[in-house]
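Note sheet for the following structure.
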Amino acid sequence: MAKFRRRTCIILALFILFIFSLMMGLKMLRPNTATFGAPFGLDLLPELHQRTIHLGKSFDFQKSDRINSETNTKNLKSVEITMKPSKASELNLDELPPLNNYLHVFYYSWYGNPQFDGKYIHWNHPVLEHWDPRIAKNYPQGRHNPPDDIGSSFYPELGSYSSRDPSVIETHMRQMRSASIGVLALSWYPPDVNDENGEPTDNLVPTILDKAHKYNLKVTFHIEPYSNRDDQNMYKNVKYIIDKYGNHPAFYRYKTKTGNALPMFYVYDSYITKPEKWANLLTTSGSWSIRNSPYDGLFIALLVEEKHKYDILQSGFDGIYTYFATNGFTYGSSHQNWASLKLFCDKYNLIFIPSVGPGYIDTSIRPWNTQNTRNRINGKYYEIALSAALQTHPSLISITSFNEWHEGTQIEKAVPKRTSNTVYLDYRPHKPGLYLELTRKWSEKYSKERATYALDHQLPVS
């Protein structure tokens with residue numbers, strides 16, 4: 001009888017452990033109705049892409065345990081598993097799927113390494129300190145130490161690459177092309193300007209345009225919130241982009257219902273600037289108006305909170321996008337709100353561009369932000385987002401992101417890797433190209449569905 005009781009207790013304990021593990025796993029797939037709960041909220045939003053906090057105290061991550069909310073990283077033997085990328089020549093252009101110019105992907109060219117840049121850039125991202133000192137003291141400080149310790153929870157197939165490496169740019173274009181993505185939205189700062197963790201990258205644009213053109217891809221611009229961005233310097237920067245890059249065959253233009261082929265500009269953190277300032281640039285009566293000029297374009301605002309809808313209207317923007325890959329984090333990024341946002345955009349003749357992503361995990365640079373992690377669930381999270389986007393019959397869909405490794409939203413190929421202190425997440429049991437394959441599948445589905453409802457909608461220039 002005692003032996004039976006012991007066996008029963010063991011079985012019961014194992015069952016409870018299983019239920020607990022299941023609940024923790026489900027927690028990662030936050031429901032649409034999720035709130036922003038403490039300690040993380042909208043206070044962080046103005047800093048999400050600036051990543052500007054420099055930490056004074058040095059910290060050697062190779063001598064510490066890396067914080068990872070999805071995988072235990074402690075007491076691992078020093079084993080490194082890195083897969084070599086396939087050669088660019090192995091994929092024939094004629095064998096690639098048709099392009100979908102209605103599908104855009106956010107692309108970042110801010111990475112660097114000693115071979116091409118003389119130092120690591122962005123892979124050595126600092127750990128951002130929480131704004132509450134009582135919370136901040138519980139987490140490590142300092143910078144990551146590439147190449148084995150990088151500011152990401154995943155590890156790229158290409159390693160800690162440089163965005164200046166022509167072979168890397170070519171591989172990226174080939175991966176996008178293989179995924180049936182037609183347009184990359186390039187993160188952009190004005191010449192000689194950069195985010196505080198990077199270096200200026202405008203001089204990379206000509207190479208990116210050339211490599212994109214080789215694969216028949218188009219390039220549009222994702223204007224970052226550079227210091228003191230306002231109506232006047234935005235006018236000058238839009239003029240600069242169009243004057244310098246507008247004649248390149250890879251420069252993206254979108255054909256409107258009126259037949260005009262206009263450049264498109266995504267404007268990150270647009271809500272920081274007051275509507276009155278934007279109206280100076282984006283309305284016909286504005287003092288710095290680009291409307292009906294050679295520098296006119298389609299300007300897409302980031303919608304975070306619901307109230308931003310009316311600011312966007314007042315500002316004179318041409319559309320909205322939602323950017324964040326975290327369902328439930330903001331009003332705009334919550335799938336359940338996309339249908340009403342699409343109705344709003346239709347009512348006021350705005351372009352609605354929902355942003356979908358494969359998951360989210362930024363604990364390598366924000367270790368205190370575990371509650372906003374979204375587990376990829378072997379691709380299911382991505383497919384749920386894509387399905388929700390398609391249901392709104394959008395004019396365009398944007399993907400967050402191709403290679404924002406810090407926030408774990410990348411669809412670029414990632415590989416298994418272990419070091420003595422870290423085990424990186426990966427796409428197993430699937431191959432490194434899982435998210436490119438899923439993108440291709442849904443791109444084709446979107447293209448077919450869109451043809452049935454967009455006959456009289458705006459069309460991109462081929």
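The values are calculated or read from the model by the stated rules, or taken from the named source; none is laboratory data. Note that the structure is predicted; figures quoted are calculated from it, not measured. Using ideal geometry, Cβ is built from the backbone for each residue, glycine included, and neighbour counts are taken over all protein chains shown. The accessibility values were calculated without ligands, DNA or RNA, using every heavy atom of the protein model including side chains. Shrake-Rupley method; radii C 1.70, N 1.55, O 1.52, S 1.80 Å.
Considering only the stretch 128-160, state which residues are aromatic (Phe, Trp, Tyr) and under 18 Å from the mean Cα position of the chain (by Cα). 154, 155 - these are the residues of the stretch 128-160 that are aromatic (Phe, Trp, Tyr) and under 18 Å from the mean Cα position of the chain (by Cα). Scanning the stretch 187-200 turns up at least one residue that is outside any loop (DSSP other than H, G, I, E, B) and at pLDDT 95 or above. Of the residues making up the stretch 381-388, not a single one is of a type in the set (Phe, Trp, Tyr) and more than 18 Å from the chain's Cα centre (by Cα). Against the condition open to solvent by less than 10 Å² (accessible area, probe 1.4 Å) and farther than 30 Å from residue 416 by Cβ, how does residue 193 come out, does it pass? No.
Among the numbered conditions (1) open to solvent by 20 Å² or more (accessible area, probe 1.4 Å); (2) in a helix (DSSP H, G or I); (3) of a type outside the set (A, V, I, L, M, F, W, C), the only one that residue 435 does not meet is (1). Just a yes or no: is a residue in the stretch 418-425 modelled with pLDDT under 95, in a loop (DSSP other than H, G, I, E, B) and closer than 25 Å to residue 257 by Cα? Looking for residues that are modelled with pLDDT under 95, in a loop (DSSP other than H, G, I, E, B) and closer than 25 Å to residue 257 by Cα, one finds none in the stretch 418-425, hence no.
Filtered by the rule that a residue be of a type outside the set (Ser, Thr, Tyr) and not in a strand (DSSP E or B), the stretch 211-227 gives 211, 212, 213, 214, 216, 217, 224, 225.
For the criterion of being open to solvent by 20 Å² or more (accessible area, probe 1.4 Å), over 26 Å from residue 268 (Cα atoms), assigned to a loop (DSSP other than H, G, I, E, B) and not basic (Lys, Arg), residue 140 passes.
Cβ-Cβ distances below 8 Å connect the following pairs, each with a first residue in the stretch 282-298 that is more than 12 Å from residue 234 (Cα to Cα), a second residue that is among the aromatic types (Phe, Trp, Tyr), and a separation of six or more residues or different chains: 297/265; 298/254; 298/265. Based on what the data block shows, is residue 257 under 24 Å from residue 310 (Cβ atoms), at pLDDT below 95 and not β-branched (Val, Ile, Thr)? For residue 257, the condition - under 24 Å from residue 310 (Cβ atoms), at pLDDT below 95 and not β-branched (Val, Ile, Thr) - is met.
What number of residues within the stretch 155-167 are open to solvent by 10 Å² or more (accessible area, probe 1.4 Å), touching a helix residue (DSSP H, G or I) at 6+ places or on another chain (Cβ under 7 Å) and either in a loop (DSSP other than H, G, I, E, B) or under 14 Å from residue 124 (Cα atoms) (or both)? Result for the stretch 155-167: 3. Considering 120, 111, the condition of being among the hydroxyl-bearing types (Ser, Thr, Tyr), open to solvent by 10 Å² or more (accessible area, probe 1.4 Å), closer than 22 Å to residue 361 by Cβ and at pLDDT 95 or above is satisfied by 120 alone. Apart from one condition, residue 176 fits all of (1) part of a helix (DSSP H, G or I); (2) under 20 Å from residue 263 (Cβ atoms); (3) open to solvent by 10 Å² or more (accessible area, probe 1.4 Å); the exception is (3). Residues that are closer than 17 Å to residue 304 by Cα, in a loop (DSSP other than H, G, I, E, B) and open to solvent by 10 Å² or more (accessible area, probe 1.4 Å) within the stretch 334-387 comprise just one, 350.
Residues of the stretch 291-304 that are more than 28 Å from the chain's Cα centre (by Cα) and either under 12 Å from residue 317 (Cα atoms) or aromatic (Phe, Trp, Tyr) (or both): 291 alone.
Here is a check on your reading of the model: is residue 237 in contact with a Phe, Trp or Tyr (Cβ under 9 Å, 6 or more places away or on another chain), over 22 Å from residue 297 (Cβ atoms) and of a type in the set (S, T, N, Q)? When the stated conditions are applied, residue 237 does not pass them.
The listed residues are 393, 430, and the only one of them that is open to solvent by 20 Å² or more (accessible area, probe 1.4 Å), part of a loop (DSSP other than H, G, I, E, B) and either touching a helix residue (DSSP H, G or I) at 6+ places or on another chain (Cβ under 6 Å) or under 23 Å from residue 345 (Cα atoms) (or both) turns out to be 393. Selection within the stretch 407-427: residues that are small (Gly, Ala, Ser) and more than 18 Å from residue 125 (Cα to Cα). The member of this set that is surrounded by the most Cβ atoms within 10 Å (Cβ to Cβ) is 414.
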